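Below you'll find the structure, written out as structure tokens, and then a few comments.
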Amino acid sequence: MKINPQFSLDIKKYGGMDLNACFNCGSCTAICPLSTAESSFPRKMVRASVLGLEDKINCSLDPWLCFYCGECSETCPKEADPGGLMMALRRYLTSLYDWTGLSKKFYTSHAWEFGAIALVSLLVITLFALFLPPTADPTGLLNQEGGVKINSFVEGMEGEQFVGIIDIGDWVMGGIISLFLLSNIFNMFRKVLWRDKNLKIPLYLYLQEAWNLFFHFATQISFSKCRDKGYWVFHWLLMSGYTLMFTCIVILLPWFQTEKVHPFFHPQRLIGYYATFGILLATVLWSVQRLKKSQEKHRYSHITDWLFLILLFLTALTGILVHLFRINGMIYPTYYTYVVHMAILVPMLVIEVPFSKWTHLAYRPVAIYLHHLKNSALELAQKQQK
């Protein structure tokens, strides 16, 4: 196995701490509620990083099995922050899976991260600036219930036509995002499973263990094993709210963005309120905790952690403002806030989902699936040898 003597320095670019502080006592693994005999992290990952065992780290799933509860860092006698290293390794692995090289740029360069977000945001604003709502007859922009016609951006174009164009754009954007994300997940499979020629996995095992992928994505149940149960609850609220809103905006836009003002208990409004509540509550809480640095897991924040929270918060805030302005018949606040909302939402989706912080929402359940798949394949091989 090749050794990279510069690895401990390289990982610092992704937010890793001083690895030389660790003297391999094993307290981090002993305290971790998620560590098992098969995956004894974070000690194993710390040691591999210190020794520069880059190939071993590249094919490891251990960083993804960690939920960064901070218990290992709290009990570390040398304050080596093993939990922070696991976070840094997840950023590193994200850049490793990404064949475009953009993830590495975004994680290691502030200029690339901010520049990409600003560029996409400016492009969105420029496109909308060409189609701002007409000013000749503002009353024509109100529907029968008194609410603003959210889709009447272009004079002479029916609302259904406008939302149809936006919907096509959503599907194109969603397709591009999926292409990048799925191809990177394919690279994850290749590095974790298929590089080991001795590991034979029958096709039926891929299907048999697939439930782990969907179950852990939907529940984040492993998170509940950590001491701070509230952290799991808020993480689940954020994840479920974000996933629902992503589905409504990218896949179900004609149903979600309509001219009609629905009653309060209509599913369209309830989903929007739930997603907004979950996102705003979690992002505000975690932002305050990161500012206070009262807990170990909030002591060190990478710039991408902050950008993720800020973009999510602003997306939810501008989205609920658009809704409130619309149902109260406030024409121009509705339209201009909608432009701002899209100028925040689109770069968050284009940059964060396939290349940056958001990717852990996809990689982690895939990693848990691969973990169970590998274990099942090894158990099958042992039975066949007997």
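Below, the figures for the structure above:
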quantity	calculated
Which listed residue, of F277, F264, is surrounded by fewer than 16 Cβ atoms within 10 Å (Cβ to Cβ) and over 24 Å from L349 (Cβ atoms)	F264
Helices (runs of 4 or more DSSP H) contained entirely in segment 1-98, each with at least 1 residues that are over 24 Å from L193 (Cβ atoms), under 20 Å from the mean Cα position of the chain (by Cα) and not assigned by TED's automatic domain parsing to the domain that holds F308	82-97
Every pair of residues 6+ apart whose Cβ atoms lie under 8 Å, when the first sits in segment 244-265 and is at positive phi while the second is surrounded by fewer than 19 Cβ atoms within 10 Å (Cβ to Cβ)	none
Unique match (being farther than 30 Å from N212 by Cβ, assigned to a helix (DSSP H, G or I) and under 21 Å from the mean Cα position of the chain (by Cα)) among R290, R326, R364	R290
Residue match in segment 203-219 (condition: more than 27 Å from the chain's Cα centre (by Cα), free of Cβ contacts under 8 Å to residues at least 40 places away in the same chain, surrounded by 18 or more Cβ atoms within 10 Å (Cβ to Cβ) and assigned to a helix (DSSP H, G or I))	no
Boolean, R326 is among the charged types (D, E, K, R) and buried (at least 21 other Cβ atoms within 10 Å of the Cβ)	yes
Output for segment 220-244, where each listed residue is assigned to a helix (DSSP H, G or I) and more than 19 Å from P365 (Cβ to Cβ)	K229, G230
Counted residues, segment 290-304 - those being touching a residue at least 12 places away in the same chain (Cβ under 8 Å) and more than 13 Å from Y68 (Cα to Cα)	4
Given (1) more than 30 Å from I31 (Cα to Cα); (2) outside the structural domain of F308 (by TED's automatic domain parsing), index of the condition L119 fails	(2)
Matching option when the condition is of a type in the set (A, V, I, L, M, F, W, C) and either free of Cβ contacts under 8 Å to residues at least 40 places away in the same chain or buried (at least 21 other Cβ atoms within 10 Å of the Cβ) (or both), among L309, L378, L361	L309
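For (1) under 24 Å from H372 (Cβ atoms); (2) out of contact with any strand residue (DSSP E or B) (no Cβ under 6 Å at 6 or more places or on another chain); (3) exposed (fewer than 15 other Cβ atoms within 10 Å of the Cβ), each residue gets a yes or a no:
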site	(1), (2), (3)
D10	no, yes, no
Y14	no, yes, no
M17	no, yes, no
N20	no, yes, yes
N24	no, yes, yes
P42	yes, yes, no
G70	no, yes, no
S73	no, yes, no
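The values are calculated or read from the model by the stated rules, or taken from the named source; none is laboratory data. This one's a predicted model, so the numbers in the text were calculated from it and none came from an experiment. Cβ atoms come from the backbone with ideal geometry, glycine included; neighbour counts cover every protein chain shown.
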